[in-house]
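The next block holds one structure in the form of structure tokens; read it before the comments.
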Amino acid sequence: MTQLDPLEGKAALAVQPPPEATIVAFDGAVRSSKTVASLLMWVEFVSRLIRTKRGGALAMVGRTEASIIRNAVEPLQQWLGPSRVVLNRGLGIVTILGREVYLFGANDVSAVTKIQGLTLVGIYIDEAANVPEVFFNMARSRLSALGAMMFLTLNPEGPKHWVLTKWLKRARWWIDAHGKMHEKAPTDTVMVPNDQGVLKPQPVLNLWRVTFLLDDNTWLVRNNPAFVAELRSSYPKGSVFHQRYIESKWVSAEGSVYPMWNEDTMTVDLEHLPPVEMVYMAGLDYGTTHSTRAYLLGLCRFPTDAITGQLILDPSSTRERGMSVPVLVILDEYAPESATVAEHATGFLQWLERNAHYGRPDWIAIDSAAATFKVELFDRGLDNVMGAFKAVVPGIQLVQSLLTAQRLVVVRERCHHLIQMLPEYMWDTKATDRGETKPVKENDDEADALRYVVYTSWSSWRHLIPLAGMVAQPTEDE
Ligand SMILES: Nc1ncnc2c1ncn2[C@@H]1O[C@H](COP(=O)(O)OP(=O)(O)OP(=O)(O)O)[C@@H](O)[C@H]1O
Ligand SMILES: [Mg+2]
């Protein structure tokens, strides 16, 4: 059991909602103590139900069952001890202070069936902006027991996201990022878009919203200021993720996806490549109607400039050298013309052979949509083929963090298409209007394959290249 220090700052304020509040929503920056504060409220709520002998089902929801266990159940176990918080993974149930709570993953619409017949008295949704809207609506409609409550934690998304426009903006009470309280009368209305996007007045909700900033986690700022500083710098200033995850703003993703990409400081000449210490993975995006692309990811150590800390990519540089650091390197690109599955397989194997002097990649990650290609490789004796982790936003975030930290470089003579296409990889402004965050599905074959190989291999190199901003664990379906 670990001691949880008493809540302080905005978190201490946030856990005292007005008594009429039936939805509690904490949004804002990463690591800003939303989960800590909301979990304390959740435990308090569960114990109140037990004390007052109130029935009804309880549920805790994440994008996947694994993520709700990792983000919420495990911290609860640490604070309260394993005898008070008993997890049964097989049944998908956690028993908190003797009361059973269902654990659900809601990463696609089929999750709706999990809660369809329930009469809920309480639901806790972690990363609530990432569950499907139909699931959220169903959850809300099942909260029919007396005294029912909903607890949400979420990071900001685009300004048109349904959870903001249809729920958070209808809050009767809101403490904003700067600590200012906005209170509405119970009879007030808010303009809310309907399914056709037409704005209609809707009544305010008994919703208590608190927007957190990273600085609001005074506990973390005091106990680990170095981590907080690293976290801030891991999201490039001005980027959409800095605005959302550090400044707590619901802003659109616009323009270039990788504005921090700089060909001059992020490519290395083949002749200057230091010895390759590891070859982690080859990642391939297979196309029938678009180009097929693959990248080979390895690790080298580069010297840094003693004063600026910048990588020294040209050994003839006279700059004073500081320490050497591990850096991911895109060693080679597979960029064939269109061909049959069999021809692609032959070409890909030849490409792997051409790079065998670096060492064989531990894994070959392939777009899970390319089932026939995977089978073809398997038939030809490759037994280390796996599905690529394809989650777009976390994958992009990881590549952005690496580029910003200058821990990902590309071999110049080998990766012509990648170097040419990266600056043309753009956020989709039409998707933004629907509240979604994703890049334009054009000129994206190189960027997709790059993202697959980097994101899928993360667990192999994350201990060597820690990135403070990256906290989620990737899985294939997240
Ligand atoms: N009062 C406290 N006592 C002990 N630890 C705390 C306290 N407040 C916050 N922390 C620690 O600060 C860290 C971040 O808090 P938390 O996980 O609640 O942030 P979050 O806002 O939910 O972040 P994310 O958006 O990344 O999910 C955690 O490691 C948590 O244990
Ligand atoms: Mg959290």
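None of the figures in this text is laboratory data; all of them are computed from the coordinates on show. Here the structure is a predicted model, which is why all the values come from computation and not from measurement. Note that each Cβ is placed from the backbone with ideal geometry, even for glycine, and that neighbours are counted across all protein chains shown.
Taking neighbour counts of Cβ atoms within 10 Å as a proxy for exposure, in what order, fewest first, do M426, M281, M181 appear?
The order, fewest Cβ neighbours first, is M181, M426, M281.
What would the Debye formula give as log10 I(q)/I(0) at q = 0.13, 0.15, 0.20, 0.23 Å⁻¹ for the alpha-carbon point model of region 306-407, no solvent?
-0.68, -0.83, -1.14, -1.30
May I ask you to sort W174, W219 by Cβ crowding, counting other Cβ atoms within 10 Å and putting the fewest first?
W219, W174
Can you list the residues, at least 5 places off or on another chain, whose amide H is less than 5 Å from the amide H of F151, using H built in the peptide plane?
Long-range HN contacts for F151: V24, I123, Y124, I125.
From zero outward in steps of 5 Å, how is the percent of C-alpha pairs of region 390-471 spread across the bins?
For region 390-471, the binned pair fractions read 3, 13, 23, 25, 18, 12, 4, 1 percent.
Under a straight-distance cross-link criterion of Cα-Cα below 17 Å, which lysines are reachable from K200, leaving out those fewer than 8 residues away in the same chain?
K160, K166, K169
In debye to the nearest 20, how big a dipole does region 40-133 give about its Cα centre with +1 on each Lys and Arg Cβ and -1 on each Asp and Glu Cβ?
The calculation lands at about 460 debye.
Through the Karplus equation 6.51 cos²θ - 1.76 cosθ + 1.60, θ set to phi - 60°, convert the phi angles of region 305-320 into ³J(HN,Hα) values in whole Hz; use x for Gly and Pro.
6, 4, 9, 8, x, 5, 5, 9, 9, 10, x, 7, 4, 8, 4, 5
Given charges of +1 on the Cβ of Lys and Arg and -1 on the Cβ of Asp and Glu, with all other atoms neutral, how large is the dipole of region 324-478 about its Cα centre, in debye to the nearest 20?
I would put it at about 520 debye.
How far apart, in nm, are the 7 Å Cα→Cβ label points at S368 and D433?
Between S368 and D433, the label points sit 3.1 nm apart.
Taking every DSSP beta bridge that has both residues in the chain, what percent is antiparallel when rounded to the nearest 5?
Counting only bridges with both partners in the chain, antiparallel ones make up about 50 percent.
Can you show me the helix-derived [θ] at 222 nm for the chain, built from DSSP H runs with n ≥ 4 at -39,500 (n - 2.57) apiece and divided by the number of residues, rounded to the nearest 500.
-8000 deg cm²/dmol
Out of the DSSP beta bridges found with both residues in region 263-461, what percent are antiparallel (nearest 5)?
60 percent
Convert each backbone phi in region 419-429 into a coupling constant with the Karplus relation 6.51 cos²θ - 1.76 cosθ + 1.60 (shift: θ = phi - 60°), then list the ³J(HN,Hα) values in order as whole Hz, x for Gly and Pro.
5, 6, 8, 3, x, 9, 7, 10, 5, 8, 6
Among rounded, prolate and oblate, which fits region 6-104 when a ≥ b ≥ c are the square roots of the eigenvalues of its C-alpha gyration tensor, a/c under 1.5 means rounded, and a/b larger than b/c means prolate?
oblate
Once you have all Cα-Cα distances for the chain, histogram them in 10 Å bins from zero and send the whole-percent values.
4, 18, 27, 24, 17, 9, 2, 0
When only Cα pairs under 8 Å and 6 or more residues apart are kept, what is the percent relative contact order across the chain?
With pairs under 8 Å counted, the relative contact order is 15 percent.
Could you order peptides 229-235, 154-160 by the average number of other Cβ atoms within 10 Å of their residues, highest first?
The packing order, highest mean first, is 154-160, 229-235.
With both partners inside region 9-220, how many of the DSSP beta bridges are antiparallel, as a percent to the nearest 5?
Percent antiparallel among DSSP bridges in region 9-220 is about 35.
Tell me the volume per residue, in Å³, of the convex hull enclosing the alpha carbons of region 158-272.
Here the figure is 138 Å³ per residue.
Averaging sequence separations of C-alpha pairs under 8 Å and six or more residues apart, then dividing by the length of region 305-369, give the relative contact order as a whole percent.
Averaging sequence separation for qualifying contacts and normalising by length gives 21 percent for region 305-369.
In terms of modelled amide H atoms, which long-range or inter-chain residues lie less than 5 Å from the amide H of V190?
The list, which skips near neighbours in sequence, is Q202, V204.
What GluC sites (Glu not before Pro) in region 9-112 are in a loop by DSSP, with at most 14 other Cβ atoms within 10 Å of the Cβ?
E20
Starting from a Cα-only point model with no solvent, please compute log10 I(q)/I(0) by Debye for region 9-220 at q = 0.16, 0.17 1/Å.
-1.11, -1.27
Quote to one decimal, in nm, the extra length available between M323 and S141 on full extension: 0.36 nm per residue of separation minus the C-alpha distance between them.
59.7 nm
Would you kindly derive the ³J(HN,Hα) couplings of region 272-283 from the backbone phi angles with the Karplus curve 6.51 cos²θ - 1.76 cosθ + 1.60 (θ = phi - 60°), listing them in order in whole Hz, with x for Gly and Pro?
9, 5, x, x, 7, 7, 8, 10, 7, 7, 10, x
Return the FRET efficiency for the residue pair K249, L349: r is the Cβ-Cβ distance, R0 is 45 Å, and the value is rounded to the nearest 0.05.
0.40
In terms of the Cα gyration tensor, with a ≥ b ≥ c the square roots of its eigenvalues, is region 263-461 rounded because a/c is under 1.5, prolate because a/b exceeds b/c, or oblate?
Verdict is oblate for region 263-461.
For D332, what residues show an amide H to amide H distance below 5 Å, using hydrogens built from the backbone and excluding near sequence neighbours?
L296
How far, in degrees from 0 to 90, does helix 225-234 lean away from the longest principal axis of the Cα atoms of the chain, to the nearest 10?
It works out to around 60 degrees.
Placing one identical point scatterer on every Cα of region 62-133 and ignoring solvent, what is log10 I(q)/I(0) from the Debye formula at q = 0.25, 0.26 Å⁻¹?
-1.25, -1.31
Between Q202 and R301, what is 0.36 nm times their sequence separation minus the Cα-Cα distance? Round to one decimal in nm.
Length gained between Q202 and R301: 29.8 nm.
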